[in-house]
Every structure is written in C-alpha cells, then in structure tokens.
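S.K.: Submitted below is the structure of interest, expressed as structure tokens.
Each value in this text was obtained by applying a stated rule to the coordinates, not by laboratory testing. Predicted model, so just to flag it, every value in this text is computed and none were measured. Positions of Cβ are generated from backbone atoms using ideal geometry, with glycine treated the same way; all protein chains shown enter the neighbour counts.
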Amino acid sequence: MKDRLEALKVEAIEKINESHDLKDLQAVKVAYLGKKGPITEVLKGMGKLSAEERPVIGAYANEVRDSIQLELEKKQTELENAAITEKLAKETIDVSLPGRPVKQGNAHPLTAVVTEIEDLFLSMGFTIAEGPEVETDYYNFEALNLPKGHPARDMQDSFFITEDILLRTQTSPVQARTMEKHEGQGPVKIISPGKVYRRDNDDATHSHQFMQIEGLVVDQNVRLSDLKGVLETFAKKMFGEDRKIRLRPSFFPFTEPSVEMDISCFKCSGKGCSICKQTGWIEILGAGMVHPNVLEMAGFDSKKYTGFAFGMGPERIAMLKYGIDDIRHFYANDIRFLKQFKNA
Amino acid sequence: MLISYNWLKEYVNVEISPSELADKITKSGIEVEMVESLNKGISGVVVGYVKECIQHPNADKLRVCKVDIGQGEVSQIVCGAPNVAEGQKVAVAVPGAVLPGNFKIKKAKLRGEESLGMICSLQELGVDTKLVPKEYSSGIFVMPSDAEPGSDALEYLNLNDHVLELGLTPNRADCLNVLGVAYEVAAILEQDAKLPDTSITASEEKAEDFISVSIESLEDNPYYGAMIIRDVKIGPSPLWMQNRLMASGIRPINNIVDITNYVLLEYGQPLHAFDYNRLGSKEIVVRRAAEGEQIQTLDDQNRSLKDTHLVITNGKEPIAVAGVMGGATSEVQNDTTNVLLEAAYFASSRVRAASKDLGLRSEASSRYEKGIDRNRVYAAAKRAAGLMAELAGGKVADGIVEAGKREVNMYSVKMDVSRMNNLLGTTITSEQTAAIFDRLGFSYKESNGIFEVVVPTRRPDITIEADLIEEVGRIYGYDRIPTTYLLSEARPGGLTASQAKRREIRKYLEGAGLYQAVTYALTTPEKSTHFSYTEDAVYPISVAHPMSEERSTLRMSLLPQLLEVLQYNQNRSMEDLAVYEMGSVFINRQEVLNDLPEEYVFVSGAVTGVFNEHLWQGERKTVDFYVLKGILEGLMSELNLSERITYESGEIENMHPGRTAVVKLDGIPVGLVGQLHPALQKEMDLKDTYVFELNATSLIEAETDQMVYQTLPRYPSITRDIALVVDQDLPAGDLFTVIQAAGGELLKEVNLFDLYQGEKMEEGKKSLAFSLKYFDPERTLTDEEVVTAHNRVLKSLEEHFGAQLRK
C-alpha cells in the first residue's frame, strides 16, 4: 500500500509538472486529491490494515497528500506568474504616443506683469488700493494739484463724459481717495494698479486705454532717498540684480521734487544698444515727493507728513521685458500671442 | 524746443561737445531728446563765384557756368537751377565732395558739356524744404557777396552747427528761448550768462506823436508796449540770422519779420510788426472781440471771433488776434517803410481760448499759453528795435508808448536747509546751498540755515519751498543722493478678501482651459446694451469727444468685445477658442449723469469650436452648453456658493432662446450662460459659440460661511439607483429638487447618471436615471430606514410629476 501511495505521488507530481495552465492543474488536483481520487481510495481501504500498519500508512498517506498539495501550490504560483507575465506582455503600450492634453489657459501678459509687481510690493508691506475708472474731475485733476486751466492738463487729453465726470487719465485719483480716507493719519503705503484712458490715436506706441501702477507712501520722515531705495529694490527684482538706477529731475504737478527713473539697460548693460537708444539707460517710471498742496488737500499736515509717489506703465514694462514691439498686441488678444505667456 | 549749439555759445561759455552738454542738461532736469548735427554727411562743399553763365548749347533748361572756386581755379559747372546767374556767390560741391545720403560728386559730361561739380540748393545740403526761404525754394541758394571763394561753405551756412531738441515739461517754459537755456546751462557749468545788447540810438522823433495805446481790461492784457521804427527798408535778413532761424525750425521771410521771430527765439517774447502806414488810424485799442466779429488773418483766412477772444484794434476794427496771429490788412509788405512794433503781455487764458477756437497754434501763442517773463517784455522790444535799426536801416522813434504796468515786483520764497535735507535724505550744507543759488542766478538772504530767495520772473514755476528744494537737489545732483530704506514701522501688506477672490477666479478659469483676454472698455453705443439681463432701465454712457464711433460708449457687458476677440482669431484661421475676461462694466441708472455710474467687476467667457481633443484616441468634443455650465459649477464650488446658485432657463437678447440660463444667486440674477443667438452668430460670422457672464462683484460680496472640516464617514453608505419615466419637457432640475426634499436628512448625494429620450420611449416621455446615496454619519443605517426614505422619494416623484419607475 505504501508502494501504491509512492507511485501515486510520483504520478501526480509528474502530471502537475506537465500542466500548462491553471485548468490542467485544477484537473490534476481533483484527480488526485478529490473525494473520489486515488488517495481517498487508499485511505478508505485503511480499515483492512492491521492496527500497527494503520498509523504508519495513515501518516504516509498524509505525507503524500501534503507533498502533492505543496507541488500543486508551487505549480499554481508558477502558472499564475506566467499568466501575469503573459498578460502584462499583451498589455504593453507605446509610451511614446502623445498624452491626453489637459485644457489649460493662462493669464494675459499685462495681468502677469501687474501680478508680479503687486506681489513684490505686497512683500514690502504695501496694500493694494482701487478706485473707479469713471472719475470726477476733482479726484482726477484738482485734488492732484491740477486746477482747471492748468497747462499740464494739456499733457493728457481726456475722455470727458460730462463737465465733471471723465474716464480717469491716471490711477492717481486712487491716491487722493485713499489719503482722504486716512483723515490726516499716516502711514499710507499703497500701490494702485488699474486701467486708464486718454484721447490718443491707437498706434504702435499709443493706446487710448492702457494700464498704470502707482505707489504712494505718506508718513513722517519719508525722504527722496527712501524713494530711491524702494525703486532700486523694484528695479532689481523686475529686471535683474545687477541693474543700476538713475534719477533725473522731471516735472509732475502732484510731486515736488519730481524725478524720472532710468535703469541701466538689461540688454547691453549700459554699453548702448537699440533698446536703450544708445544711451545705456531705459526710462521706466516717474516719481517724486508728494506735493504739499496734494497732502494738504487730502487732509494731511504737510509740515508733519511727507511722502513719495511713483507711477509706471505695465505695457511698457511688459514690452521691455518680453521684447514686444507693438502696444496694440495687448488689446488684439490674438490667441497665438496670449498662449506665449504660459510661463510669464 | 530746438536750440542751436552755436547760438547758445554766444550767451554762455561752453567748452564741451554738444553731446556732453546734452548729457549734463538731461541729468539736471531738462531732457535733451536728440542732438542733431546740421551737417548730414557733407564734405567738400566750398564757396564759388559765378564768373560767367551762358545757355547750354544742347539743353534748354541747363546753363554752363564758369565758377571761381578759390585760389584762381575756375571750373566749368553745368547747372539746372533757374535762378543761377553771373556774379552770384554759391555753394559748390567739387568733384570728390559728398552730399547727404552719401551722394558722391564726380566729374561728368552733361549733354556734351563737361561739368566739374555741382552748384547746390539748400535742400541738396540737407535743409528741410519748408525752412528754405521762398525765393530759393526751387533753385540754388545765393550767399552774401562777401563770401570768400574757396572757403568752407558750411561755415557760412552754419551747417557745422548742432541742434539740441529739448523735451520741456510744462513748468519749464523759461527754456522756450535761447536766453533761458543759457541761464540753465550757466548754472550747470558754473558759468555766467551774458545778455544781448539792447541799446538803441533813438531819433529826434517821439513815438507818442505817432501812436496812442489803450487797454480795455488789464486782466486780459496786463501790459502793451508799442515802438515806432521809421524808414525801414524791407529785404532779406543777414545770413547769420537766417541760419539761426532755420536751425530753430523757422523759415526766413524778410528782415523785419525775421527780427521779430529771432527775438522771440532769443527772449521768448512774442513780438508783432505792423505796417504803421496801413494801421488805418493812430491808435491801438486792445479789447475783447464782439461775438461774431470778423478778421482776415495773415494767412488770408476770414475768421469769425468770439467774445472770449482778445483783439488788437485800430480803434475801429480788429487788426490782430492778440498773441495768436496778425491781420492781413496791416501786414508788413515789401513796400513797408514804417513799422509799429508790438511787445505785450497777454493773459494766457485769452490766448489759449482764441488759439484753440481758431485752430491756430504758433510759436507766439504757445509761449503766451505757457507764460512768458513779464519783466523781459521791454528788453525784448528794445532788442528788436535795435536790430531793425541795424539790419533794416530803420530810425527808432524815441520812447515806448505803453498801457498797463511794464514790470512786476519779484517775490521771495523761504527755504529751510534742514527741512531740505529731511526731504531729500541728504546732508547739504548752507554754504553748498548758497553756492547753488549763486549758480542759478537767484539772489537770497540767509540766516541760521533759512534762505529767503528772490525768485527771478523768468522762473514763475518756483512758488513754494519744495520748488527751491528741487532746484538745489537737481543742481547738487540726484546721483549724489544716497539710497536708504523707509524708517516707518513694518506692517504686513496683503490682498483684501475681494482681491484674493478675484485672483482665485482667474486662476480657476485658466485652470479650466480659458485664456485671459483684456479688451477695450469703450465700444459702440449699439453694442454697449447687448446681453443685458437686468430689468432696470439703464442709460448708455458716451464720452463727449470720442476718437471714433467704435470707441465711444462704455460697456455694460464684456461679451461684445470677447466676441470680437473670437472674430479676430477666426479671421486668422484659429477656430477652437476659449477666452475669458475680468473687467469693469459701467451701469448708469440716471437719465442725466450727475453722480458717478455704478461699476462692477464682471467675469465673462466665450468658447467656440473643439474644447476637448485627443485625436488618436478618437476624442473630439465640441463645446456645448454643459461644458460651460460645468465650468461655472466648478467655479461656484470654488467660491463656496454651489448651494445658493440656480440656473433657470431665460430669454436674453442675442442669446439662443432655448439654450440659455439665467444664473441666480439666492434667487437674484447674477449672470447668464448659454449659446449665442444663431442670428448674431451668423451676423458676426462665428461658429457655434457659448458664453457666460457673471457679476463677479456680487459673487465676491456674497457672505459665505467659514469652511468647516467634516469628519470622514465611519459608517457605510447605501446607494439606490432609480430610473424614472417623465414628461419630455420636465426640467431635470425640478426632479433634483423634489428628490432632495423627499429624501430628507439621510439622502446625502443625488447624481444623474443616464438620460434617454428616443425610440424606445413612449411619445413625449424621457427617462432619467438617478443614483441616490444615503448615509448617517453617526451610525450604520438599517435597510428599513433606507427603504422608508427611498419610498418617500418615489411617492413624492409620482405625486409631483407622475413619474413612473422605468420597467
């Protein structure tokens, strides 16, 4: 009987090894270990054995059954692995095919530039002030030291709606409004970005609608040298750490002294090229110390408080930064133009 | 303002080159926009003497000249100019010479006659045609007879000069003349400015015997002075004067007119010369014009005047518009012998009014408008009278006949050195300050660091301490001001909640595949009212003086411009487009705009063509209503407003009546989403286009709860699916509402997962399949509870809509 079991074991293992798939294997399992299988048969015949033989054969039968079971499992794992491998092989794809595009737009370059400037000044403790685009003559001109009939009003031909209401020609009225809200108490530390409008014919360098960003600081002991510090920080962050700045005297009705700021040309580093018109310097913004009249009109004591203000054009900055040659591109919104500013 | 470098050097010692000078002037406050060399690449042009001039044997329009070009050398030159003649001194480009445009002169044969060079016109030497004196405008230029043959013609013609173009800000009208610039340059270079000679030798005759002057309003005309110059002989002015005028952009006319222009450029004082004999009276009366009064001006135009204009009259009728233009009747002509020279100070407001209304802007009017130096009027008059004696042989009658006050007192302004240093962040001493005021030619008194500065009348821009601080600062040099950092306490900056939300909305839409556009706020009156979804009466806001009809009226919607963006791109063969804009719209509810209109930030989008595409996998999804609605739903979720937003079908002008929803927040309209009306699509030649527009201001201002964390579910949920058969026109939204209400607390999620309307359905019916998810965060639900809730839902659906479960 022991021989019979031994033969069954050999036979079963042989069959197991011959199995090519899980189905074959299952058949082998049923054939040898099933209720009607030969081992069960053998065990059924145990009753005929002697009391001495019975535990020996019983133990041996279990041993054979366990070995076959073990072999079956081994083979099963093997076949499963093979099946997986085969399946994976069949599942292979061409990873070089293009992926499914994720729809993704981006910001307009002007927004990108404005946001960059906003974030820079936010990090310096400024807040962002806003105001209406349709303004009163008072805030757009008079509160900024530009009374009716002032020659400097010629500098900015305006879109008037009524005698007293116009499209703002600058974002400075936001400064006047903000100062007024502070009721003579400093500090004021704001920037005001926004759209402005002037009666210009649209061409490569002019636009009847454009953007401005202005800044204003009013406090006790604000100095022109501080303005220089803030502007230098701005210039380096926007145009590169090795930029130098230069202040030139200029004129704006709402500041005195007034300055214009040039930066050393980022293209040629000051040697002279077409971008800086051979001068080595590029005009970036206008600024100055807030005119005492403007402070007083907004309710600040100009003996106690001083301040500085600056203003710049995001279009100009974007044009310089990205080498854009025509201001009208910003407003035509050609999708091929807009798409270029993914990483701006 | 164009300033001749050579002319400037007459009043101030300049030892640096024009470009170095320009650099210094720019750094000190006046921007030199350009330094132009009058020599536009000329070499080899000499003075020649035309000894002989005969008709060319083979050409009617040519002459053959024998020209002495110095050192006894006589060259034969063929010349085509009609005015060439024997005895002239002319500019000759000899063989080897170069003219502007790198035009090289060579020996040539013209119709068989040898020609050794070219006799030049001023245009050929690079002078702008409109500056060339009329008599030489279509021929060669004839030089003065004392010009030396063989010498450099450019010297005679002042073509070795340089011209500085100043970009003057409105406060520096003092530099609208050569003397003013001389003062500025003197301060910069630490030199003294020299004044021109204004001495005159008066004749026995007295000016007051020839003319009387009266002024109606001293406010309009604070001062009027008249001088009489007799026996002048009209002719060309000397070449040096013509050269300077041309360098300054003024065409020479005749000696008398040139002198008034010359002194205008020199002193900044507008002057006018009348033909005394043609005045029509012996008096000058300055008064306001009568409404509709007529005058024929120098340019032979008849002009109708207004009562805001100031006129010079002969007591009866206008003979000039004050400060703007003279009249034709009293114009200086070739036979003029006696001249009345006007030197006056007119109020800038009067000159501006007339110059604007008549559309006449001149060198004179622009100077009056910007303000002239009151105390220089008389000096300028004497300077011009003296030149008329010297250059036109006139006799100056004694005295000036005046009305008003000739000079005004100078005022003083105080400046505290310590306050200056506080404002600039500098440590400039009183001594340094005093030295700078000396350089500027300002007189002052100083004690304990307080300066009391007498401001010269040429600098009316200086009225307060800050103006003096700027003067000291700029001459001291802004590059010497240190760089410091604000002393004020550090306060956190940061975006307001509204600003942060606007950025969030932009980021979301870009993430959803839309490109940001920025368009113009001004549109046509017609387009300004498109896409209005409010019921209120609104009035378009138009600007008073638009540049064009296209840009005349403020927008009330962003969509018309976004559609133009689509159009622009489609015209350039870009078909698949998705754009959005965030910007202000302007709503006016007043019939007459007295107060500022309401401004809202809107955010709008327009999408056309394929929205999702992955061709090799067969995916190609054209935009439809649900693409845009999905974007809005995501946005509302981002803004934590999903629960309060509803979409209700609505009819809006220019929108597809069956494919448009009004977006409501708490039941109040805040926007729209849908397809453009096919008629408008056709009109604009657009493909199927879907748009949305939202009042971002309303969405941002809506109060939302602070976000609160929800514990993750610890108990399983139970999902039940139902397929319902309902009437075809029943909106799915209604089913959602009823299901949610009937499901009660336990029903946490309802999703529509199938919509079928087709052949297999009974006529007029459709099937919708929903998946309902029940759960209780506190415990495991029993089947019984779910069944109760679910049956409630089914019953309610049947009661409301007669909805049957699909079999």
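S.K.: According to a simple spin-label model (label point 7 Å from Cα along Cα-to-Cβ), what is the distance in nm between B:Ser366 and B:His545?
M.R.: 1.7 nm
S.K.: Any chance you could list P(r) for the protein assembly as shown, counting all Cα-Cα pairs in 10 angstrom bins from zero, rounded to whole %?
M.R.: 2, 7, 12, 14, 14, 13, 10, 7, 5, 4, 3, 2, 2, 1, 1, 0, 0, 0
S.K.: Here's another thing I want to ask about it. Quickly estimate the mean residue ellipticity at 222 nm for the protein assembly as shown, helices only: each DSSP H run with n ≥ 4 gives -39500 (n - 2.57), and the total goes over all residues, rounded to 500.
M.R.: Calculated from helices alone, the mean residue ellipticity at 222 nm is -9000 deg cm²/dmol.
S.K.: Another question about this same structure. In degrees, nearest 10, range 0 to 90: what is the angle between the Cα axis of helix B:18-28 and the longest Cα principal axis of chain B?
M.R.: That works out to roughly 50 degrees.
S.K.: Take the Cβ-Cβ distance between B:Ala741 and B:Glu613 as r, set R0 to 45 Å, and report the resulting FRET efficiency rounded to the nearest 0.05. Display every interim value, and only then the final one.
M.R.: Values: r = 40 Å, r/R0 = 0.90.
Calculated value: 0.65.
S.K.: If you don't mind, another one. So for A:Ser258, B:Ser281, fewest C-beta neighbours within 10 Å to most, what's the order? It would help to have the intermediate numbers written out before the result.
M.R.: Working: A:Ser258 25, B:Ser281 14.
Going from least to most buried by this count: B:Ser281, A:Ser258.
S.K.: Using alpha carbons only, how many degrees (0 to 90, rounded to 10) separate the axis of helix B:783-801 from the longest principal axis of chain B?
M.R.: Taking the Cα atoms of chain B, the angle to B:783-801 is about 70 degrees.
S.K.: A further question follows. Based on the Cβ-Cβ distance of B:Glu155 and B:Lys194, what FRET efficiency does E = 1/(1 + (r/R0)^6) give at R0 = 22 Å, to the nearest 0.05? Walk me through the numbers on the way to the answer.
M.R.: Numbers: r = 23 Å, r/R0 = 1.04.
E(calc), rounded to 0.05, equals 0.45.
S.K.: On to the next question. Along Cα→Cβ, 7 Å out, is where each label goes; now give me the distance between the ones at B:Ala497 and A:Ala51 in nm to one decimal.
M.R.: Placing both labels 7 Å beyond Cα along the Cβ direction yields 9.4 nm.
S.K.: Here is a follow-up. Please work out the FRET efficiency for the pair B:Gln71 and B:Ser214, using the Cβ-Cβ distance as r and a Förster radius of 56 Å; give the result to the nearest 0.05. List each step's numbers first, then the result.
M.R.: On the way: r = 63 Å, r/R0 = 1.13.
That gives a FRET efficiency of 0.30.
S.K.: What percent does the relative contact order of region A:2-91 come to when contacts are Cα pairs within less than 8 Å and at least six residues apart? Don't jump to the answer; show the numbers that get you there.
M.R.: Numbers: 53 pairs, mean separation 35.0, N = 90.
Relative CO of region A:2-91 lands at 39 percent.
S.K.: Now for a different question. Within 10 Å of each residue's Cβ, count the other Cβ atoms and sort A:Thr77, B:Thr711 from fewest upward. Write out the running numbers ahead of the final one.
M.R.: Details: A:Thr77 10, B:Thr711 6.
Least crowded to most crowded, the residues run B:Thr711, A:Thr77.
S.K.: On to the next question. How many angstrom lie between the C-alpha centres of region B:378-431 and region B:725-777?
M.R.: 90 Å
S.K.: Along Cα→Cβ, 7 Å out, is where each label goes; now give me the distance between the ones at B:Trp240 and A:Arg336 in nm to one decimal.
M.R.: 6.2 nm
S.K.: Could I ask something else about it? Do the alpha carbons of any pairs in A:Lys339/B:Lys687; B:Lys24/B:Lys89; A:Lys271/B:Lys40; B:Lys370/B:Lys395 sit beyond 28 Å of each other, and which pairs? Don't skip to the answer; put the middle values down first.
M.R.: Details: A:Lys339/B:Lys687 21 Å; B:Lys24/B:Lys89 40 Å; A:Lys271/B:Lys40 25 Å; B:Lys370/B:Lys395 33 Å.
Correct reply: B:Lys24/B:Lys89; B:Lys370/B:Lys395.
S.K.: Restricting to DSSP loop positions (anything but H, G, I, E, B) with no more than 10 other Cβ atoms inside 10 Å of their own Cβ, which GluC sites (Glu not before Pro) remain in region B:419-510? Don't skip to the answer; put the middle values down first.
M.R.: Numbers: sites: B:Glu431, B:Glu446, B:Glu452, B:Glu465, B:Glu470, B:Glu471, B:Glu489, B:Glu504, B:Glu510; in loops: B:Glu489.
Sparse-neighbourhood loop GluC sites (Glu not before Pro): B:Glu489.
S.K.: Moving to a separate point now. What are the DSSP H helices in chain A that stretch 18 Å or more along their long axis, judged by alpha-carbon atoms, and whose average Kyte-Doolittle hydropathy comes to at least -1.0?
M.R.: On the way: long enough: A:2-18 (24 Å, -0.75); A:53-91 (56 Å, -0.76); A:109-123 (21 Å, 0.97); A:224-239 (22 Å, 0.27).
Qualifying helices: A:2-18, A:53-91, A:109-123, A:224-239.
S.K.: Test of understanding: ordering B:Met143, B:Met415, B:Met388 by Cβ neighbours within 10 Å, fewest first, what list do you get?
M.R.: Taking fewest neighbouring Cβ atoms as first place, the list is B:Met143, B:Met415, B:Met388.
S.K.: Between their Cα atoms, which of A:Lys148/A:Lys303; A:Lys304/B:Lys445; B:Lys760/B:Lys807; B:Lys61/B:Lys109; B:Lys629/B:Lys766 are more than 18 Å away from each other? All intermediate terms of the calculation are to be shown ahead of the outcome.
M.R.: On the way: A:Lys148/A:Lys303 26 Å; A:Lys304/B:Lys445 26 Å; B:Lys760/B:Lys807 12 Å; B:Lys61/B:Lys109 15 Å; B:Lys629/B:Lys766 22 Å.
From the list (A:Lys148/A:Lys303; A:Lys304/B:Lys445; B:Lys760/B:Lys807; B:Lys61/B:Lys109; B:Lys629/B:Lys766), the Cα-Cα distance tops 18 Å for A:Lys148/A:Lys303; A:Lys304/B:Lys445; B:Lys629/B:Lys766.
S.K.: For region B:663-807, just list the percent of Cα-Cα distances falling in each 10 Å bin from zero outward, please.
M.R.: All Cα pairs, binned at 10 Å, distribute as 10, 26, 27, 26, 10, 2, 0 percent.
S.K.: Evaluate peptide B:487-497: per residue, the Cβ atoms of other protein chains within 10 Å of its Cβ; return the mean as an integer.
M.R.: Values: counts 6, 11, 3, 2, 5, 4, 13, 6, 5, 4, 0.
For this peptide, the per-residue mean of nearby foreign Cβ atoms is 5.
S.K.: A further question on this structure: Under the rule a/c < 1.5 gives rounded, and otherwise a/b versus b/c splits prolate from oblate, where does chain B land using the Cα gyration tensor? Can you show the working numbers first?
M.R.: Working: a/c = 2.79, a/b = 2.27, b/c = 1.23.
Verdict is prolate for chain B.
S.K.: Using Cα centres only, tell me the gap between region B:444-505 and region B:73-121 in whole Å.
M.R.: Each part reduced to its Cα centre gives a spacing of 61 Å.
S.K.: Can I ask one more? When only Cα pairs under 8 Å and 6 or more residues apart are kept, what is the percent relative contact order across chain B?
M.R.: Working: 1610 pairs, mean separation 65.9, N = 807.
Taking the mean separation of contacting Cα pairs over the length of chain B, I get 8 percent.
S.K.: Taking DSSP loops as anything outside H, G, I, E and B, show the longest stretch in chain B free of chymotrypsin sites (Phe, Trp or Tyr not before Pro) there with at most 14 other beta carbons within 10 Å. Let's see the in-between values first.
M.R.: Values: sites that count: B:Tyr411, B:Tyr485, B:Tyr709.
Result, exposed sites excluded: B:1-410.
S.K.: What does the average come to when, for each residue of peptide B:574-580, you count the partner chain Cβ atoms lying within 10 Å of its Cβ?
M.R.: 2
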